[in-house]
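The values are calculated or read from the model by the stated rules, or taken from the named source; none is laboratory data. Being a predicted model, the structure only gives us computed values, none of them experimental. Positions of Cβ are generated from backbone atoms using ideal geometry, with glycine treated the same way; all protein chains shown enter the neighbour counts.
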Amino acid sequence: MDCRLYHKGVSGLFADCRGLSKGFFTLLVALLMQSSPASAQNGQEWRDSLLTLGLAIEKNPHSVELRLRKAAVNLELRQWEYAVEEYGRVLDLDSKNLTALYFRAYANTHQRRYALALADYEQFLTIVPKHFEAQLGLALVSKKVESKTQTMDRFNQLVQQFPDSALSYAARAGYEVEQQMLEPALYDWTEALRLQPDNIDFLVSKVDVLLAMKRKSEAFLLLQQAIKKGTPRAVLKDWLERCK
């Protein structure tokens, strides 16, 4: 079964990631977009595709492939309710269809139906337990419907399952910053940087935490190290100013 991530849909998973830097938000979206090419069609072309697919489905109502393609177009056109319905029809035909589960969760998230999205992610993960993007989506949706303890458990599980992923530490750090858990966040940004030492978004996120903890000298030293390694001073100007 093809469960490649649908590039437009994924970005909405992170529409409410307060506590994460803009750069880190971009990284998360890029992670979930990496399996799909960018869309080359315009709105009218998508609507034409939708009409063509609708006619094809009338002739082949039990075609999972056609319904998945139609639901993907619904997402492109931001027709969230239609996408949810189409993925539901796919799941009626194939209850373990990973693509339908994953992107119905996304569409429900956009509709603020967080409990339904959570249920789809959980079902997806019963089939593919170690799927990074689904684990991450589950943790982010958890913030909306579960307790802080449960949400923290979700992020902890993400790190436990993917201890070699810099993004797992970074995602947990973002939530810890949101909860003003600065010491744990500092540890996680340090681990993220250990795994991706040249990632400037991770570096400035760690600097943000150090500044929030009034540890300006450490923050300044970190910025100076980045400059020595080739990061343009202009890129770090705002953080350098805050270190004064």
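Of all residues in the stretch 169-221, those satisfying the criterion of being touching a residue at least 60 places away in the same chain (Cβ under 8 Å) and among the small types (Gly, Ala, Ser) are ALA170, ALA171, GLY174, SER205. Take ALA119 and decide whether it is under 15 Å from the mean Cα position of the chain (by Cα) and modelled with pLDDT of 95 or more. So ALA119 fails the test. Taken together, ALA100, ALA107, ALA119 contain a single residue that is among the aliphatic types (A, V, I, L, M) and under 22 Å from GLU45 (Cβ atoms), which is ALA107.
In the set ARG172, ARG104, only one residue is charged (D, E, K, R), over 24 Å from LEU211 (Cβ atoms), part of a helix (DSSP H, G or I) and touching an Asp or Glu at 6+ places or on another chain (Cβ under 6 Å); that residue is ARG104. Of all residues in the stretch 179-198, those that are outside any helix (DSSP H, G or I) and not polar (S, T, N, Q) total 3. Annotation: of all residues in the stretch 39-59 being of a type in the set (Gly, Ala, Ser) and loosely packed, with under 12 Cβ neighbours inside 10 Å, the one that is modelled with the lowest pLDDT is ALA40.
Matching residues to (1) out of contact with any strand residue (DSSP E or B) (no Cβ under 8 Å at 6 or more places or on another chain); (2) surrounded by fewer than 17 Cβ atoms within 10 Å (Cβ to Cβ); (3) under 20 Å from SER95 (Cα atoms):
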| site | (1), (2), (3) |
| --- | --- |
| ASP120 | yes, no, yes |
| VAL128 | yes, yes, yes |
| GLN150 | yes, yes, no |
| GLN160 | yes, yes, no |
| ASP164 | yes, yes, no |
